[in-house]
Every structure is written in C-alpha cells, then in structure tokens.
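This report refers to the structure that appears directly beneath it.
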Amino acid sequence: MHKQDDSQQSAELRQAFLRHLPKRLDALTRRGLRQARDGWDINSLSLIFREVQTLAGACGRYGLLDLAEKLFAIESALADDLEQVRIPDAQISAVVAALFDEVREIASTRAAAPATNGRLSVPPAELDRSENGYPLQLVPPADYWTRFPEVPAATSNVAPPPVPVAVEPAFQKPAAPVVPPVVERAVEPPPTTAAPRSPASTSQARKVYHLTDGSPLACEIDQKLELSGYELSLLDHIDEVVEMIGTFPPHIVVVDAHFLGELDRLGDALKSARARTSHRVAMLAMSDQADLDVRLRAMRAGADAFVPLPAQPGDVMARIAELTESDQTDPYRIMIVEDDRSQAMFAESILRKAGMQTMMVTDPLAVLNDIDAFNPDLILMDLYMPGCSGMELTAIIREREAFVSTPIVFLSGESDADKHFEALNAGGDDFLSKPIRPKHLISAVTNRLRRARHIRRRAQNQNPRDPITGMYERAHVLDRINAKLAADEAVAQRGGLLYVDLDDATNLREQVGLIGFDKLLGQIGAFLATHLDASELVTRFGDTSFIVLSPDRGASDLATGSRDLVERVARE
C-alpha cells in the first residue's frame, strides 16, 4: 500500500513538474539571456545558477536528458566564476547565451509536441527499439546520475572561498571626525541555499512565491529569504502565480510594485486557496505610491501588508516574518471557563481540531489556581456561572499583572445590549452570542490571538539595542540626538557625534555581493560597539555609514578617540 501511495505521489509530482516546466524554462532563459548579453550582476548570477542547477537535477530525474545536458553545461560554465565571486567574461557569456538559446529551442519543441495523459511525449529522434519492439529512451551517458541529486530538492552548496577585503582609511573631516575602518577580514559570500524541496520534506518549510520585477531590491530580498530558510519560487508572470497558488498554496505571496495592477486577479486566487488550505496564505504588496486609494485597493484585493517604496530590505523581511511565523510558533493556548460541561466540551473540540491547546474549567472558583500553570493566550468566559459571574471573575483576573492584556472573550446567550456593554466594561475584549458556529468561533479566536501575539512580540523587542552586535536602532539614536539638541544649553554643549564611513563601498559591494557586504557592515558595527565606552551609542546611518553618539566627550576627546579607533581597527 505504501509503495502504491509513493508511486502515485511520484507520478503526481512528475506531472506537476512537467506542467510548470515550460513557464519556468521561459522565465529562466529570458533572465539568463538578458544577463549574458547586457551584463551580469553577481547576485543575479547566483540566483540563475541555483535555478539552472535545480532544473538540471529535476530534468535528469524525470528523464528529460536533452534538457538536463544543456542545463548541466550552463551550470558547468558558470560554476568557476561563482566560486571565485567574479563576473563571467565575454567568452563565457557568449557560450552561456548560446546554451540558453538551445534550451529555449528544446523547450519550444517539447511544448509543440502532443501530450499523452498529461505527460510530455518523447520526439521520435529520441526513441530506440528494444528487442521486443517497445519504444525506449536512448541509453543515458555513463555515470550521468552522479551529476544530478537523488531528488529534485537536493541541497547544493556552492561556497566560495573567503575573499580578503581591505578597506582603506578615508580622510578625516574636521567638522565630523571620520573613523575609517581598516579591515583585514575574510568575508564569505553567501552559500547557495537549497532548491525547492519535495512536498514530503516541506511540512515545516515556509513557502514564498515572489512575483518579481528583477529590481535590485527584489534580488536582495530574494537572497535574504533563501538565507533565512524560506522555500522561494521566483515568478515573473501573473498567470504563473495564479496557477501555482491553485496547485500548491504558499505561506505568502510577495508582489513587487510593477505588478500592482494585477492585485485583483491575485486576490481571487488567494481567496480560493485560503478557503481550502489549513495554513495561513498571506500577501505582501509593494508600491511606488502610498496614497489611500492604492492602500485600499491592495487591502480589498486581500493584501495583509502594504510596503511603500523606497524601503529597506530588512524592513520588508521583518514584515514577511510577521506574516509567516504564526504557523511556526507554539500552538495557541485557550482556557475555556464554562459551568455547562457539554458547552465547554463543544468549544474545546472545535478549538482542538483547529490545532490549539485547550484547558476546560467548569468551576469558576478554580480558575485562579490553574491560570498561572497554563498561562493562556486567550480566555473564553461564560457570562453567567454559579458562585462567581464571568464579569466578576474577569475583574479579578485583570488585577493580576501577568494577565492585564490577556484577551478575554465572553460567550453567552444574553441578547440584552446593556449586559454586553457591562461585560466589556468589566474588562472583556469581545462578546460572542450563543449558539456560535464553529467557523465563527475559530475565526474570532484566531484573529484576536494573532494580534495579541504580534503586540507581545513588539513589546519584547522594544529594547533598542541588538544583543548580538551591540548596535542600537537608528530611530532610538536619532531620538537621543533630538533630545540632546532640545536640552538646555549647558547640557547640549557636552558630547558630540562621530561619523564612520566606508571607503570604496560600491566596488566592495560588487566584489562580495549584497549579503557578503551586509555581513561586513555587521562586523564593523559590532567592532565599533565593542570598542566604545558603555555610554556611547552606535547605529547604522546610511547604506555604508555609521554614527556614534557620545553624550559626554568633547571635541578634542572625540578627535583623539577617533584616531585611536582607526589604529585599533587596523591592528585587528
């Protein structure tokens, strides 16, 4: 039975792969030819190489050996440049462009060939006759299987060797001392992450469909997504995205500003996917416009987040994490306080089936003994109970510091609006009238809990200092500077700023790539934070610069300190 199931799943995977292959090849060849003919970008090179490698392995596994050979040739042609973190020269680019043209020709031939039972037919030139007359594919080259992963999702790490980076000192400006980092440190460009994995291994993976316009911001977001462990699919046509959402619903769809006009079509596809999948399917839309009409249109199309441009990649990543981590966190904990056991068991069964942890309490006086141990995320409270009403119990719970903001939702058949108001005035957050439909109960609880956990995470992250690098959030440092300038004259005269800039940053970014450059800046920021006084605050100011707020040191001390810092960095 298991073998039959596995065989059926393999057949379904093969058919799904073959169905989407023409569009994937079309997108890949267009990107590859554009880069090979118009000039390469180191980050686009990494993404194209990874897609070529993935498709080569999958084509080899599913018997499309002509495509696999051409894709493997492209992979081999680009591998050395990727390992050395350099741009392919004109000769390699010409070879790669020719190979992409051949891939496009093979793909168009296969697309024109008639299909049988949903499978791509094999052209006659690729057939051979065995002794019993059955058509068979040509015998593959010797040891061809060593070139391809066992499954199309195998991880392939292309880890370039460390690249020593030297950052020369910049001149020091008299008005704002510049602390020029002199770094002799190996910066490892990001390893190529795993290709999309098979459904059997993606139960915990967060699947992202990116409808991308290929902008520098989009490329940087894509690399950060893959380094963060997301299962990323790059798509550049609305029909592709709609079909993929209908086949394999993702956890989030990221839409670049170029495709803002397609949000309505995406919204229809997402509405259908959300109705039939168990996990949350979110959408994040980016836009060059931030007016209310555009925001309303995005919201009505089903967007969960709206990011106006220009935006920092880190800010976009933070929003994506907020939208996708709800399915990755601990199950919601619900305490059901209901004296009617049948009603309590009804609510408990509904919420348990929705994947939540529940505790049923039929004696309201026992709630205070159990609430600390269970630490609920939300309390479902009956309004009328013997010994202690729901309103009285809510008032007692609200007196405890740990549960001041815990959502409390009342359940009752009470129809009097004044009683509803009294319940909410006693500290309740919502009121649901019995009888309640299961879908409505789950929706009311989930939406309330999602917001509560989001608020809790933000409260926990209010510490403006990063515990790893020691740097502060830029907004916090700017607030401190404004407070300093607004203070009385005696206080404002003390202290000053150091401006730290990175020399030749553009060439350095091209050499090590966006992710490697981010790592370097993180190392420099951590070094500055480590070697400054405890009262001084350092933060990223621009793309390649930092500022250090020193609340107490004067101009001469700052100048001396900046020279010492330069020497210290040079020694490191």
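The values are calculated or read from the model by the stated rules, or taken from the named source; none is laboratory data. Remember, it's a predicted structure, so these values are computed and weren't measured experimentally. Note that we place each Cβ from the backbone using ideal geometry, even for glycine, and neighbour counts take in every protein chain shown. Keep in mind that these areas ignore ligands, DNA and RNA; they rest on the heavy atoms of the full protein, side chains included. Shrake-Rupley method; radii C 1.70, N 1.55, O 1.52, S 1.80 Å.
Scanning region 10-35 for residues that are small (Gly, Ala, Ser) and modelled with pLDDT under 75 yields Ser10, Ala11, Ala16.
Only a single criterion out of (1) touching a strand residue (DSSP E or B) at 6+ places or on another chain (Cβ under 7 Å); (2) open to solvent by 50 Å² or more (accessible area, probe 1.4 Å) is not satisfied by His258, namely (1).
Here's the yes/no breakdown for (1) at pLDDT 90 or above; (2) of a type outside the set (A, V, I, L, M):
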position: Glu243; (1), (2): no, yes
position: Pro249; (1), (2): no, yes
position: Val254; (1), (2): yes, no
position: Ala273; (1), (2): no, no
position: Ser287; (1), (2): yes, yes
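Here region 434-449 is the region considered, the condition is being at pLDDT 80 or above and either assigned to a strand (DSSP E or B) or of a type in the set (D, E, K, R) (or both), and the residue that is farthest from Arg333 (Cα to Cα) is Arg437. Of the helices (runs of 4 or more DSSP H) lying entirely inside region 469-538, those containing at least 2 residues that are closer than 27 Å to Ile42 by Cα, touching a Lys or Arg at 6+ places or on another chain (Cβ under 9 Å) and of a type in the set (Val, Ile, Thr) span 505-530. Among residues belonging to region 70-81 that are more than 13 Å from Gln35 (Cβ to Cβ) and in contact (Cβ under 8 Å) with a residue 40 or more places away in the chain, point out the one that is nearest to the chain's Cα centre (by Cα). The qualifying residue nearest to the chain's Cα centre (by Cα) is Ala79. Sub-8 Å Cβ pairs linking a first residue in region 82-95 that is at negative phi to a second residue that is of a type in the set (Gly, Ala, Ser) and assigned to a helix (DSSP H, G or I), at least 6 apart or interchain, are Leu82/Ser46; Pro88/Ala36; Pro88/Ala77; Ile92/Ala77; Ser93/Ala36; Ala94/Ala36; Val95/Ala77, ordered by first then second residue.
Output the residues belonging to region 289-321 that are closer than 23 Å to Leu441 by Cα and either open to solvent by 50 Å² or more (accessible area, probe 1.4 Å) or free of Cβ contacts under 8 Å to residues at least 24 places away in the same chain (or both). Asp304, the sole residue that qualifies. Among the residues of region 30-44, the ones that are in contact with a Lys or Arg (Cβ under 9 Å, 6 or more places away or on another chain) and buried (at least 20 other Cβ atoms within 10 Å of the Cβ) come to 1 in all.
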